[in-house]
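Okay, so here's the structure we're looking at.
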Amino acid sequence: FVPIEVKNREFHPKLFFSYYCLKNNFSVFFGNKKSILRAVKNFSPGTYFHKSINVTDINHIINIKDKKNFYVSLDEEGGFAFSNVEDMSKFLDHRSSKKNMKLVDKIFTWGKFDEKIWKKKYLKYSKKIINFGAPRVDLWKEKNVKKIYNDEIEFLNLKYEKGFILILSSGLTSIKELKKVYKYDSHWMKFKNEKQKTMRLKVLKNDLKLFKMFLQTVFEVCKNNPNYNFVIKPHPTESKEDWINFRKKFPKNLFFEDKFETSPLIHCSNMVIQTSSSTALQAFMLKKKIISYRPKNIYFQRDFSNYFGSIAFNSEQVSNLIKSKKNHIKKDKKMYTKLKQRLNFSDKFDNCSKIARFLYAFTPKNKSINLSKVIIYSFIFQVIDFFKSFVLFKSKKVDYSNRSYKEKMQTGIKKIDILKFFSSLNFNKIKVVKICNDGFYLTNK
């Protein structure tokens, strides 16, 4: 069972993981959280692969485990990019709990850095924690990027014939967003005292200040370098409403791209400008020149990735680095060694392959599922959804979600996109059955 929450971030990496699961004789239920919960209810037991074990996830975990499923997790937020051990430990305070660690079967980590902190925090459950790396990192390798994103790469190369400098945003875009995130955190993190609330608010204000400085710097750099094309991609969790307003002030040589994943954009770019984003590590692996905007008087909770690029404190320094022929830091063996501490990856093996092989060897098998049963349930689910679509539900329940479903899933999950993905890997012996909206069953023919 492979649920995804944010399409732009998880769709291709988790399909790549599903590809290796299929190669290891699994069948896979792939889709949004609602569709996967339906599959869990009717097709358990199996192996459930989740994005986190948040302190608020305990009822969800109990529900999955009650169906005799094997529960594994790899935190999508990572933790590899945090500046130090203390910040990473604070991150785990709300992304995990002792109760949840007792319930789950395995926790996978991105690298040695987060593995060590997980094991120190949960010494009693250290055998549950395994450093296999993350599926997302597999799609930071050039060989995989070229195969999976071939069509996107061709399109971008045609659209920007003269090339472009890629700007990757990752921040808090407005006061409105700050209030929304704070409200969301206050509910789900269950702050215990005023000190925690004050500290969290301070961090959010710092993030908002950094974003405003970053955006202003981007505008200045674009205006001061009219002979260059610039392409900006917002983070998947940033407000689309805010970006609509920002675009009204864009310089003529600044273009907006939010429909492409980050990997093909980095691959096609001439260089990358970022601040405190894991995309710097992604660009490093794809051998791109990186400029890390790191203004003074700002606290960087996720500072590790900034040092994989040339540091700039202001727009003038960014412009000078753009024009400079100074080589990229990628040849620095010391930085490569640091990267290997944070991220587990190999040129020979994909992380997805290691995880899938391990799960097939050590998890319970359910051989009772057959295609006929899936097709019958698929019909039932779609009939139910058809009639539900004619009913208007008015709920007074307070919405504590940081992002709407439409923002997270965009146009949704389509069968044609799944088939296209597997075709790019020359893996055509696959049956894809739609079980409900944004939910599919994948199996070898």
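Rank-order 123-132, 212-221, 429-438 by packing density, defined as the average count of other C-beta atoms within 10 Å over each peptide's residues, highest first. Write down the numbers at each step before the final one.
Values: 123-132: 15.1, 212-221: 18.7, 429-438: 17.0.
Going from most to least packed, we get 212-221, 429-438, 123-132.
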(message) Using only the alpha-carbon atoms, how far is helix 371-388 inclined from the longest principal axis of the chain? Give it as 0 to 90 degrees, nearest 10.
(response) 70
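Give me Rg/Rg_expected for region 181-302, where Rg uses Cα atoms only and Rg_expected = 2.2 N^0.38 Å with N residues. Write down the numbers at each step before the final one.
On the way: Rg = 16.5 Å, N = 122, 2.2 N^0.38 = 13.7 Å.
So the Cα radius of gyration is 1.21 times the expected 2.2 N^0.38 Å.
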(request) Evaluate the distance, in nm, between pseudo-label points positioned 7 Å from the Cα of Phe386 and of Asp151 along their respective Cα→Cβ axes. (result) 2.8
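Just to verify a number: FRET efficiency for Lys287 and Asp417, C-beta to C-beta distance, R0 = 22 Å, to 0.05?
Numbers: r = 28 Å, r/R0 = 1.27.
The calculated FRET efficiency here is 0.20.
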(request) Kindly express, to the nearest 10 degrees and within the range 0 to 90, the angle between helix 175-188's C-alpha long axis and the longest C-alpha principal axis of the chain. (result) 40
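Could you calculate the contour length gain from Phe379 to Ile62, that is, 0.36 nm times the residue separation minus the distance between their Cα atoms, to one decimal place in nm?
Working: separation 317, 0.36 × 317 = 114.12 nm, distance 2.83 nm.
In short, 111.3 nm is gained.
Looking at the square roots a ≥ b ≥ c of the eigenvalues of the Cα gyration tensor of region 1-147, which shape do they give, rounded for a/c under 1.5, prolate if a/b is larger than b/c, or oblate? Can you show the working numbers first?
Values: a/c = 1.81, a/b = 1.11, b/c = 1.63.
Since a/c reaches 1.5 but b/c is at least a/b, the shape of region 1-147 is classed as oblate.
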(message) For the chain, what does the relative contact order come out to in percent, with C-alpha contacts under 8 Å and a separation of six or more?
(response) 22
(message) Using the Cα atoms of the chain, I'd like the radius of gyration and the largest Cα-Cα distance, Dmax, both in angstrom.
(response) 22.1, 64
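Relative contact order for region 12-130: what is it in percent, counting Cα pairs under 8 Å that are at least 6 residues apart?
Values: 137 pairs, mean separation 26.2, N = 119.
That works out to 22 percent.
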(message) Please list, by residue number, everything in region 66-109 whose backbone N is under 14 Å from a paramagnetic label point 7 Å out along Cα→Cβ of Phe362.
(response) 70-74, 104-109
(request) Go ahead and estimate [θ] at 222 nm for the chain from helices alone: -39,500 (n - 2.57) per DSSP H run with n ≥ 4, summed, over the residue count, rounded to 500. (result) -14500 deg cm²/dmol
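Using a/c under 1.5 as the rounded threshold, could you call region 1-75 rounded, prolate or oblate? The axes a ≥ b ≥ c are square roots of the C-alpha gyration tensor eigenvalues, and prolate needs a/b larger than b/c, oblate otherwise. All intermediate terms of the calculation are to be shown ahead of the outcome.
Details: a/c = 1.72, a/b = 1.20, b/c = 1.43.
Oblate.
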(request) Over 26 Å between C-alpha atoms is what I'm after, so list which of Lys102/Lys183; Lys51/Lys287; Lys119/Lys233; Lys7/Lys176; Lys143/Lys354 land there. (result) Lys102/Lys183; Lys51/Lys287; Lys119/Lys233
(message) Report the gain in length on full extension from Asp347 to Tyr307: 0.36 nm times residue separation, minus Cα-Cα distance, nm rounded to one decimal.
(response) 12.1 nm
(request) Note down the nm distance, to one decimal, between modelled labels 7 Å out along Cα→Cβ at Lys179 and at Asn227. (result) 4.7
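What FRET efficiency, computed as 1/(1 + (r/R0)^6) with R0 = 35 Å and r the Cβ-Cβ distance, is obtained for Asn437 and Lys212, rounded to the nearest 0.05?
Numbers: r = 38 Å, r/R0 = 1.09.
The value I calculate is 0.35.
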(message) Averaging the inverse of every distinct alpha carbon separation and then flipping it gives the Kirkwood radius. What is it for region 71-173, in angstrom units?
(response) 16.3
(request) Estimate the FRET efficiency between Lys90 and Lys124 by the formula 1/(1 + (r/R0)^6), using the beta-carbon distance for r and 22 Å for R0, to the nearest 0.05. (result) 0.60
(request) Take each of the peptides 84-93, 109-118, average the number of other beta-carbon atoms within 10 Å over its residues, and list them starting from the highest. (result) 109-118, 84-93
(message) I need the shape label for region 256-348. Rule: rounded when a/c is under 1.5, else prolate if a/b > b/c, else oblate, with a, b, c from the alpha carbon gyration tensor.
(response) rounded
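Defining a contact as two alpha carbons under 8 Å apart and six or more residues distant in sequence, what relative contact order in percent does region 79-133 show? Could you put the intermediate results ahead of the total?
Details: 52 pairs, mean separation 20.9, N = 55.
Relative contact order comes out at 38 percent.
None of the figures in this text is laboratory data; all of them are computed from the coordinates on show. Note that this is a predicted model, so its numbers are computed, not measured. Cβ atoms come from the backbone with ideal geometry, glycine included; neighbour counts cover every protein chain shown.
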